[in-house]
Amino acid sequence: MSGELAQKTCVPCMGGVPPLEGAQLAELQAQLGGGWRVVDGHHLEKDFGFDDFVSALAFTNRVGELAEDQGHHPDIYLSWGKAVIRIWTHKIDGLTESDFILAAKIDQL
């Protein structure tokens, strides 16, 4: 199902819309799957494991390129053998469909 999300393009949020919640949030989370967690109804988060620092850094750079292409930028925490991605729409301080789209695209890297 996340393949359908990954085919979409992130849409810049101009504000003035409420963050997703309830059934809408649950539906998009079910479509996404893949170990992504909705944390406090506020952001998506996923840990990615790697064999070494160089691999984690390469992944981080690929995520950065994707984020620039989509115009939607996650928080990325990099450490030896690990990258943690956190995504939310800063303009509304919550989740939009674009956050789930970016997460699905990251899963395809």
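Within the same chain, aspartates and glutamates fewer than 8 places from Lys46 are excluded, and of the rest, those with a Cα less than 12 Å from its Cα are Asp75, Asp107. Couplings 3J(HN,Hα) of segment 39-51, computed from phi: 9, 6, x, 10, 8, 8, 8, 8, 9, 10, x, 9, 7 Hz, in residue order, whole Hz [Karplus 6.51 cos²θ - 1.76 cosθ + 1.60, θ = phi - 60°; x for Gly and Pro]. Counting only DSSP H runs of at least 4 residues, each contributing -39500 (n - 2.57), and dividing by the residue count of the chain, the helix-based mean residue ellipticity at 222 nm comes to -12500 deg cm²/dmol. The alpha carbon radius of gyration of the chain, expressed as a multiple of 2.2 N^0.38 Å, is 1.02. Where Lys and Arg each count +1 and Asp and Glu each count -1, what net charge lies around Cys10 among other residues with Cβ under 12 Å from its Cβ? Its environment carries a net charge of -2.
With all pairs of different C-alpha atoms in the average, the Kirkwood value for the hydrodynamic radius of segment 1-57 is 13.7 Å. Could you compute the net charge surrounding Ala67? Neighbours are other residues with a C-beta less than 11 Å from the C-beta of Ala67; K and R count +1, D and E count -1. Surrounding charge for Ala67 is -2. If only the Cβ of Lys and Arg carry +1 and only the Cβ of Asp and Glu carry -1, the dipole of segment 2-107 around its Cα centre is close to 40 debye. Charge tally around Asp47: other residues with Cβ under 11 Å, Lys/Arg +1 each, Asp/Glu -1 each, net +3.
In the chain, the longest principal axis of the Cα atoms and the axis of helix 53-70 are about 30 degrees apart. Length gained on full extension, Asp52 to Trp80, computed as 0.36 nm times the residue gap minus the Cα-Cα distance: 9.5 nm.
Each value in this text was obtained by applying a stated rule to the coordinates, not by laboratory testing. Computed from a predicted model, the values in this text were never measured in an experiment. Positions of Cβ are generated from backbone atoms using ideal geometry, with glycine treated the same way; all protein chains shown enter the neighbour counts.
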